[in-house]
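Notes follow the structure.
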Amino acid sequence: TSKPVFDIKKALEFIKSQQKEDCSFGNALYTDWVAIGLAKIPDADITLLKSYIVSNDLTENLALTEYERRAMTLLALNVDPAIWTKINYIKKITDTFDNTQFGDKDLYNDDIFAIIPLLHAGYTQTDLEIQKAVAFIISKQNTDGSWDGIDISAAAVQALALVRDLPLVSDALVKARTYLANAQMEGGGFGSSFATSWTIGAIKALNESPDIWQKNNLSPNDALAVLQASDGGVEPLTTEAST
């Protein structure tokens, strides 16, 4: 029996069908993540979406992760998030640094999503802010290698993979890889399409191919193909994304 194959063309058609008249995808959460995804696809026409995002800044007094996500979006679109928008999204991030971590000291997802854009916006692993945030993130890793769930663990891997030379990072990545490998389910996926997609990103950040991560001869890509509906979408439109 041949395996189903994820149809990128159909997925793009589905995404296009959801685009609003103003070229957004409704709220900033969906608009940003769609832009990040489409920016990786050479054939995707993102000109109007890019214009919308650049000319529609987020509002003030939002959670730090909102500004971090927008910074990642702008960087994916090759737009400097410190210069080409009314809001300086890099400053929004760095202003929350307390000499140990970014944002809420009781959270670490805001640290994971701080170092990703900062490392693509000129900061390096020699900068104190990066070193401290990385140490903070590693201090929150559980003994099983996770950071409380597949999605955020996979995101942590993608962040830490950018700073492999810093102390304790290699060991943290090995433990996280073990956790993710143990979490793979019988159908090759990791639960939801969101968790599976995040894990595919983590696998690639580890310089591995998702095709070799198999359960019952099924890979994470196979799991996403099974979830894809006839209209090209993956999740029902009532399903809420996170982050």
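Ignoring ligands, DNA and RNA, what percent of the accessible area of region 100-243 is carbon or sulfur (1.4 Å)? Don't skip to the end; give the middle numbers.
Working: 3530 of 6660 Å².
The value for region 100-243 is 53 percent carbon and sulfur by accessible area.
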Nitroxide proxy distance, nm - points 7 Å out along Cα→Cβ at Leu168 and Ala63: 2.5 nm
Net length gained if the chain between Asp45 and Lys20 were fully extended (0.36 nm per residue, minus Cα distance): 7.5 nm
Cα shape, region 1-97, gyration tensor, a/c 1.5 rule: prolate
Dipole in debye (nearest 20) - region 87-243, about Cα centre, beta carbon charges: Lys, Arg +1; Asp, Glu -1: 320 debye
Carbon and sulfur %, accessible surface of region 1-89 computed with the full protein complex present, 1.4 Å: 55 percent
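Assuming 0.36 nm per residue, please report the length gained on full extension of the stretch Asn27 to Glu186 beyond their Cα-Cα distance.
Answer, rounded to one decimal: 53.8 nm.
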Projected label distance in nm at Asp106 and Ser2, using a 7 Å step from Cα toward the beta-carbon: 5.4 nm
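Per residue, how much accessible area does the chain have with a 1.4 Å probe, in Å²? Could the numbers behind the result be given before it?
Values: 12540 Å² over 243 residues.
So the chain comes to 52 Å² accessible per residue, rounded to a whole number.
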Mean-position separation - Cα centroids, region 177-196 and region 89-129, in angstrom: 28 Å
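Hey, what did the chain get for relative contact order, percent, Cα under 8 Å, at least 6 apart? Present the calculation step by step, with values, prior to reporting the outcome.
Numbers: 312 pairs, mean separation 45.8, N = 243.
For the chain, the relative contact order is 19 percent.
Tell me which GluC sites (Glu not before Pro) from region 53-115 have a DSSP coil assignment and no more than 15 other beta carbons within 10 Å of their own. Intermediate values should be presented prior to the final figure.
Details: sites: Glu60, Glu66, Glu68; in loops: Glu60.
Hits after loop and neighbour filter: Glu60.
At a threshold of 8 angstrom on Cα-Cα distance, excluding pairs fewer than six apart, so keeping six or more, what relative contact order does region 1-72 reach in percent? Provide the component values of the computation, followed by the final result.
Working: 29 pairs, mean separation 19.3, N = 72.
Relative contact order of region 1-72: 27 percent.
Are there chymotrypsin sites (Phe, Trp or Tyr not before Pro) in region 65-130 that DSSP puts in a loop and that have at most 15 other Cβ atoms within 10 Å, and which ones?
Details: sites: Tyr67, Trp84, Tyr89, Phe97, Phe102, Tyr108, Phe113, Tyr123; in loops: Trp84, Phe97, Phe102, Tyr108, Tyr123.
When the chymotrypsin sites (Phe, Trp or Tyr not before Pro) of region 65-130 are filtered for loop state and at most 15 Cβ neighbours within 10 Å, Trp84 remain.
On a 31 Å Cα-Cα criterion, which of the cross-link pairs Lys105/Lys215; Lys16/Lys86; Lys9/Lys86; Lys50/Lys204 come out too long?
Details: Lys105/Lys215 38 Å; Lys16/Lys86 28 Å; Lys9/Lys86 35 Å; Lys50/Lys204 26 Å.
The pairs that break the limit, which is 31 Å between Cα atoms, are Lys105/Lys215; Lys9/Lys86.
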Identified option (computed volume of the Cα convex hull per residue in Å³; candidates (i) 199; (ii) 130; (iii) 162): (ii)
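The values are calculated or read from the model by the stated rules, or taken from the named source; none is laboratory data. Computed from a prediction, not measured in an experiment: that's the story for all the values here. Neighbour counts are summed over all protein chains in view; Cβ atoms, including those assigned to glycine, are modelled from backbone coordinates with ideal geometry. Each accessible area value is taken on the protein alone, full model and side chains, heavy atoms only, with ligands, DNA and RNA left out. Shrake-Rupley method; radii C 1.70, N 1.55, O 1.52, S 1.80 Å.
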